[in-house]
Amino acid sequence: MTDASRVWMPDTFFRNEKIGSFHTILQPNLYIRIFPDGTVLYSIRVSLTCACSMHLALFPLDEQTCHLFVASYGWTKSDLVYEWYEKGPVQIPGNLSLPGGFNLGGYGNQYCDVKTATGEYSCLQVDLMFARQLSFFIVTVYIPCSMTVSVSWMSFWLDHKAVPARVALGVTTLLAMSTTQASIQNSLPPVAYTKAIDVWSGVCVFFVFSALLEYALVNYASRSDAQRAAKQKERKEKELELCAFNAEQIEDSSHTHSLDPLLRRMEGAQSVPLTSIIPSNIPSSRIAAWMKNYKFAAKKIDVLSRVCFPSCFFVFSALYWTYFLNKEQERKK
């Protein structure tokens with residue numbers, strides 16, 4: 001039988017329903033079966049969009065539990081009582097596929113009777129546990145952000161005099177990270193707390209911005225090196241002129257004075273240790289010895305950045321995954 005008007009039906013509704021619709025193509029998708037013992041089976045196909053409150057602090061490493069509430073709108077518990085069927089009250093198809101990168105982690109059923117000012121109403125509750133597919137977010141969020149950060153490090157291998165190349169690379173990667181972060185925020189509802197994905201994208205933007213600031217420091221150091229080199233060159237020229245002037249004076253005095261008293265005075269003078277003439281610039285560590293190979297400060301900054309930036313990012317990645325994965329396991333327990 002498909003005529004529901006010939007059988008009494010309770011005024012059932014879904015308490016957390018936002019949008020709902022019946023399926024009527026080609027005929028209304030429902031049927032009614034009446035068994036000899038008086039049991040009535042009423043089946044109908046309904047599409048629902050229900051409200052589900054989520055806590056996104058661990059997004060996308062989180063698991064969410066959504067509920068479906070079935071109750072009577074007007075009949076109180078003294079007139080109508082809903083009870084779960086003993087054998088398999090909730091049935092889920094085995095080939096269920098969910099959009100949005102979700103997996104159905106589990107489900108359950110319980111009672112959710114409600115007492116209001118108009119009376120006490122019977123209610124049934126279905127619990128659906130959804131787990132996000134982390135591989136989806138690794139491919140679409142984490143790997144692209146890591147690649148963008150890695151591209152920003154390429155400026156450390158470019159010559160500091162290549163201003164257009166290094167500035168364009170830094171600005172492009174910064175804009176790419178900002179666009180990625182904005183697209184992530186637009187796909188999520190606005191919340192008042194920081195999410196796990198916000199920590200990742202924010203730190204990635206910080207690394208890219210730091211790489212751009214590093215070139216500003218390198219540019220300043222290169223100009224300081226140029227000024228220092230010019231001063232050293234000027235000082236050496238003055239020393240050469242002074243040495244040439246002293247040599248001319250010695251040549252002039254050699255014609256009038258004998259060198260024998262000078263030689264006797266040099267032989268009787270105390271010997272000066274070699275270490276007092278040649279300063280000992282032996283590096284105290286391997287890092288200092290390695291940095292000694294680079295003469296200019298601008299080059300030293302680039303070389304240090306090649307090591308410090310990737311190391312800091314790898315340490316952050318290890319701490320990030322360790323903290324949030326452990327926090328998710330603690331929440332499950």
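The values are calculated or read from the model by the stated rules, or taken from the named source; none is laboratory data. Note that the structure is a prediction, hence the values are computed from the model and not measured. Cβ atoms come from the backbone with ideal geometry, glycine included; neighbour counts cover every protein chain shown. SASA here: full protein model, heavy atoms, side chains in, ligands and nucleic acids out. Shrake-Rupley method; radii C 1.70, N 1.55, O 1.52, S 1.80 Å.
Of the set (1) farther than 30 Å from Leu80 by Cβ; (2) part of a strand (DSSP E or B); (3) not polar (S, T, N, Q), all apply to Asp159 but (2). Can you tell me which residue in region 177-204 is nearest to Phe59 (Cα to Cα), limited to those that are small (Gly, Ala, Ser) and within 14 Å of the chain's Cα centre (by Cα)? The selected residue is Ala196. Residues that are charged (D, E, K, R) and not in a loop (DSSP other than H, G, I, E, B) within region 65-78 are absent altogether. Across region 133-153, not a single residue is classified as touching a residue at least 40 places away in the same chain (Cβ under 8 Å), of a type outside the set (A, V, I, L, M) and assigned to a loop (DSSP other than H, G, I, E, B). Out of the residues in region 26-64 meeting the condition of being among the polar types (S, T, N, Q) and surrounded by fewer than 16 Cβ atoms within 10 Å (Cβ to Cβ), tell me which one is nearest to the chain's Cα centre (by Cα). Checked region 26-64; the qualifying residue nearest to the chain's Cα centre (by Cα) is Ser53.
Checked against the criteria, Lys87 does not count as charged (D, E, K, R) and open to solvent by less than 90 Å² (accessible area, probe 1.4 Å).
Among the conditions (1) over 27 Å from Ala51 (Cβ atoms); (2) of a type outside the set (Phe, Trp, Tyr); (3) assigned to a strand (DSSP E or B), Gln125 misses just one, which is (1). Could you tell me whether Ala196 is modelled with pLDDT of 90 or more and closer than 30 Å to Ser53 by Cα? Criteria met by Ala196.
Restricting region 102-142 to residues that are among the hydrophobic types (A, V, I, L, M, F, W, C) and more than 31 Å from the chain's Cα centre (by Cα) leaves a set whose member that is most open to solvent (accessible area, probe 1.4 Å) is Ala117. Quick check on my filter: what residues within region 63-96 are of a type in the set (Ser, Thr, Tyr) and touching a Gly at 6+ places or on another chain (Cβ under 7 Å)? The answer is Thr76, and nothing else. With respect to Leu68, determine if the residue is closer than 19 Å to Phe136 by Cβ and surrounded by 15 or more Cβ atoms within 10 Å (Cβ to Cβ). Considered against the rule, which asks whether it is closer than 19 Å to Phe136 by Cβ and surrounded by 15 or more Cβ atoms within 10 Å (Cβ to Cβ), Leu68 comes out as no.
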